[in-house]
Amino acid sequence: MTHTLTWHHDVSRQARLLSYAMRLTLKPTLRMWPLTDGGIKAIAHVDRAVDKMPKPKRVTIEQVSLGGIPCEKTTHPRPASGSLDGATVLYFHGGGFVFCGLATHRVACATIAARSGVPVYSVEYRQIPHGGIGTSIADAMASYRAALDLVADPKKIVVAGDSAGGYLAMKVAEIAALEGLTPPAAVIGFSPLLNLDLKNHPRKFMNKDAYLPMKQVLALEDRWLNGPDAIPGSASPIDADPSAFPPVFLSTAEYELMRPDVEMMTRKLVDAGRTVETHVWKGQVHAFPVLAGAVPEGRTVLELAVAFAARNL
């Protein structure tokens, strides 16, 4: 068992500007955005808009399918070496189970592929209004089962994700253990959603999140849980048996909705004798590694995550 919890206190100028801009523009917009089916479908246009932007350079991006689930496979011409040879990353994007997609997370996946030399499959799972969290989990598991039959070494699959995608990565590891499947080699979670019951979190702390309005997140709870597909295992990863998890890498911003649960999950994994490495960053926004193209701290976290995976494969 190994464990580190590292604080990062330096804040770049880019990160300060990003946080300020999000507080000034994005948070007020999200606070007023209607969470009706129409409102959710409208916000999905964000991914379509990003999709029109130039693709990351020096990587190859292919449209593929895993278990009938649309995915993007990103590869870098430099192949992996050492313990990463034969490894695969299965990435689940964030977005609160309502928005974002392959395009919004293309830069992060390209960065992981470039830093590691391993193929990265980004999974386009179904979201609200096309199903609740159980539906997203079903798609995540379909992609994982297919990956077990497809990749070079099924014992070297790293499941990763940010926010809602971090939730799915943790659920894949838990369900694989429950069903006796080959488990992921590691889990990587950037600001992962670990607890679906956010009502009891300290409001004063949560209100400091740079762009996630607490009221809107809580309003999604019924939509999350009332889909047509049940949630297998524990509804919240933080309530799952910690022995189900392989080595886990976690990162969080100092002031964001997910930090209390990231720290609690870290303690639970440590108490259970599991390997976990956690990083807490000052001055950052929720899921900032996804913004690796804009803030240097985002690139640093992705590099730390790749190094963690290499040590634990």
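Read-outs throughout are calculated quantities, based only on the coordinates presented, and are distinct from any laboratory measurement. Only a predicted model underlies this, so the values are computations on that prediction, with no experimental measurement involved. Heads up, the Cβs are rebuilt from the backbone with ideal geometry, glycines too, and the neighbour counts pull from every protein chain shown.
Key figures for this structure:
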| item | result |
| --- | --- |
| Fluctuation leader among Val276, Val11, Val123 - the chain, Gaussian network, Cα springs under 10 angstrom | Val11 |
| Contact order normalised by residue count of region 3-312, Cα under 8 Å, 6+ apart, percent | 22 |
| Region 242-313: relative contact order in percent, alpha carbon pairs under 8 Å with at least 6 residues between | 33 |
| Cβ-derived FRET efficiency at R0 35 Å, Gln63 paired with Met32, nearest 0.05 | 0.50 |
| Distance in nm between pseudo-label sites at Glu254 and Asp239 (7 Å out along the Cβ direction from Cα) | 3.3 |
| Residue (of Asn200, Gly39, Ala146) at the positive-pole extreme of the chain, dipole from beta-carbon charges | Gly39 |
| Per-residue ³J(HN,Hα) for region 151-166, Karplus 6.51 cos²θ - 1.76 cosθ + 1.60, θ = phi - 60°, Hz, x for Gly and Pro | 6, 4, 9, x, 7, 10, 8, 9, 9, 9, x, 10, 6, 4, x, x |
| Gain in span if fully extended, Ala152 to Thr6, counting 0.36 nm per residue against the direct Cα distance | 49.2 nm |
| Value of Rg to Rh for region 95-221 (Rh from inverse mean 1/r over Cα pairs, i.e. Kirkwood) | 0.98 |
| Sparsely packed trypsin sites (Lys or Arg not before Pro) within region 249-313, loop by DSSP, other Cβ within 10 Å at most 14 | Lys282 |
| Sorted by Cβ neighbour density within 10 Å, fewest at the top, the residues Tyr167, Tyr91 | Tyr91, Tyr167 |
| Cβ-derived FRET efficiency at R0 30 Å, Met264 paired with Asp222, nearest 0.05 | 0.80 |
| Max mean-square fluctuation residue, GNM over the chain, Cα-Cα springs under 10 Å, options Asp162, Asp209, Asp229 | Asp229 |
| Amide hydrogen neighbours beyond the local backbone of Asp162, cut-off 5 Å, H modeled | Phe92, Gly94, Phe190 |
| 5 angstrom amide H check on Val248, placed H, neighbours 5+ away | Val187, Thr275, Val276, Glu277 |
| Karplus-derived HN-Hα couplings along region 208-220 (A = 6.51, B = -1.76, C = 1.60, θ = phi - 60°), whole Hz, x at Gly and Pro | 7, 4, 5, 9, 8, x, 4, 4, 5, 4, 5, 5, 7 |
| Ranking of Trp33, Trp281, Trp224 by count of other Cβ atoms within 10 Å, fewest first | Trp33, Trp224, Trp281 |
| Charge dipole (debye, nearest 20) of region 3-312; +1 at Cβ of Lys and Arg, -1 at Cβ of Asp and Glu | 1040 |
| Loop-located trypsin sites (Lys or Arg not before Pro) in region 8-57, at most 16 other Cβ atoms within 10 Å (DSSP) | Lys52, Lys57 |
| Exposure proxy ranking, count of Cβ atoms within 10 Å, fewest first, for Met206, Met264 | Met264, Met206 |
| Among Gly86, Gly283, Gly273, residue whose mean-square fluctuation peaks in a GNM of the chain (springs only between Cα atoms under 10 Å) | Gly273 |
| Potential extension, Lys55-Leu17 segment - 0.36 nm per residue separation minus Cα distance | 11.3 nm |
| Rounded to 5, percent antiparallel among DSSP beta bridges of the chain | 25 |
| Which of Gly293, Ala244, Ala160, positive extreme of dipole for the chain (C-beta unit charges) | Gly293 |
